[in-house]
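Worksheet: the structure to be examined is printed underneath.
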Amino acid sequence: MRRLLSIVFVATFVAASAQAKSKIDRLAGLAGDCLTEIFVGCDTETHGTLETGDCTTGDGRRVDFFAFNGTAGQLIEVMVRPLSTTYKEPVVALFSPLGDVADPPSIGGGNPSATTSGASLFYQLSSTGTWDIAVTSDDLFASGPYVLHVYCGVGDTSTPQSCVDQYLLCGQTGIWELSADSCRFQNDPSAFVRWWVYGVKNDILRLEQSSFSFTPLIGLYDEDAKLLGSSTRDSSFTAKMTFRVPETGWYQILTTSEEDNKGGDFTVSLECSGSGCTWPYLNSPTPNLTVPRRGDFATIPFTVNAVGGFFTTLLDVNGQAVATVGPGSTSITAPPVLRPTTYSLSFSNACGEWISDAFQIAPEPTRRRSVRK
């Protein structure tokens, strides 16, 4: 299977901020001692399960650790996608090799009622070596199967190393830092991190940023960088804002500091009910061969994991659309089968596209009748 992903690049109370950071500190203490599997290279999809016997944090949350060999300058996407309703509020965190003081982000949590949520992070690797990935949950009792995606691309060396955009889903919290390697405003001595959300019309976005290190400030922009709203200061440690989405589409959340030249750790949280998307993932492969009666229609079933709905398209061998069905569908129908024909399935939404392996639909062989003389 291959995946074509459309990625956009350009980027509680005080106690809640401290608690979120301490979760990552506890995970970092386990990294290297609880290795689940080593996979070399990029563009991999690895299945795992949160289950009894896994490493656990101090409060008992299950954690799986993975490692991969990364190269400085690579731009990577890491995504954990639960495949069971018992695994909710997924969290993914990245840890740098020994000797590298970089502070990669951690993203996750989510709406406990969401059964198809995922957590993803992007990062431009700051050094060559073995990087650790933690897969866990904000749900103390979470368990079940998941798939871990790791994809790599070419980073942008013309921008600061940590100037990489992230995505947020409803209920999720991002934990990161403002540093000298973060994005910078033009003609302004301030750093920022950009987060993208796919907003659904009339959904209410509730944003909160907390930090012990600086006075937080949130700006919300449309896809064309037009300012739509900014936060109010709840205290010197917390900024909040509420925004009703005017039209369905992409929106930018910029987290920064009210003070010039200030940095440090912070958290940003998004509460909403219907926004966000994850690119579709086909849970199981399509049959290599389907054999209906000659002249009959052939129905191809599928089970897809995605947030935000998706469209399914049946493609012929030349990549031309033959049939399309909308969100909520679990099968698609091919034209009447007269000869062996090769197809593939495309699953797409605002976050990206998944194209299945090719498969064949062929009519039943013609049966010859014997004639008695």
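A compact table of results
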{"quantity": "Extension reserve of the Arg184-Thr333 stretch, reckoned as 0.36 nm per residue once the Cα distance is removed", "calculated": "48.6 nm"}
{"quantity": "Nitroxide proxy distance, nm - points 7 Å out along Cα→Cβ at Asn202 and Thr299", "calculated": "3.3 nm"}
{"quantity": "Derived scalar couplings ³J(HN,Hα) [segment 322-328; Karplus, 6.51 cos²θ - 1.76 cosθ + 1.60; whole Hz; x for Gly, Pro]", "calculated": "10, 7, 9, 10, x, x, x"}
{"quantity": "Cα lying deepest toward the dipole's positive end in the chain, options Ser210, Gly144, Gln320, charges on Cβ", "calculated": "Gln320"}
{"quantity": "J(HN,Hα) series, segment 91-102, from Karplus relation 6.51 cos²θ - 1.76 cosθ + 1.60, nearest Hz, glycine and proline x", "calculated": "10, 10, 9, 10, 10, 6, x, 4, x, 9, 8, 4"}
{"quantity": "Other-chain or far-sequence residues with amide H under 5 Å of Arg294's (modelled H)", "calculated": "Glu364"}
{"quantity": "Packing-based ranking, highest mean first, of 164-170, 69-75 given that Cβ atoms within 10 Å are counted", "calculated": "164-170, 69-75"}
{"quantity": "Where Cα atoms sit under 30 Å apart: lysine pairs in the chain separated by 8 or more or lying on different chains", "calculated": "13"}
{"quantity": "Förster radius 41 Å - calculated FRET efficiency between Glu247 and Thr128 (Cβ-Cβ, nearest 0.05)", "calculated": "0.40"}
{"quantity": "Simple label model, 7 Å out from Cα along Cβ direction - Thr85 to Glu51, nm", "calculated": "2.1 nm"}
{"quantity": "Test item: Cα-centred dipole of the chain, Lys/Arg +1 and Asp/Glu -1 on Cβ, debye", "calculated": "2220 debye"}
{"quantity": "Relative packing of 82-95, 233-246, 317-330, which averages over residues the other C-beta atoms within 10 Å, highest first", "calculated": "82-95, 233-246, 317-330"}
{"quantity": "Residue-by-residue Karplus 3J(HN,Hα) for segment 164-176, coefficients 6.51, -1.76, 1.60, Hz, glycine and proline x", "calculated": "10, 7, 10, 10, 10, 10, 4, x, 7, 10, x, 10, 7"}
{"quantity": "Amide proton proximity set for Cys277, modelled H, under 5 Å, gap of 5+", "calculated": "Tyr198"}
{"quantity": "Beta bridges by DSSP in the chain, antiparallel share as percent, to the nearest 5", "calculated": "95 percent"}
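Each reported figure results from applying straightforward, stated rules to the coordinates on display, with no laboratory input. These numbers were taken from a predicted model, which means no experiment stands behind them. Every residue, glycine among them, receives a Cβ derived from its backbone with ideal geometry; neighbour counts consider all protein chains shown.
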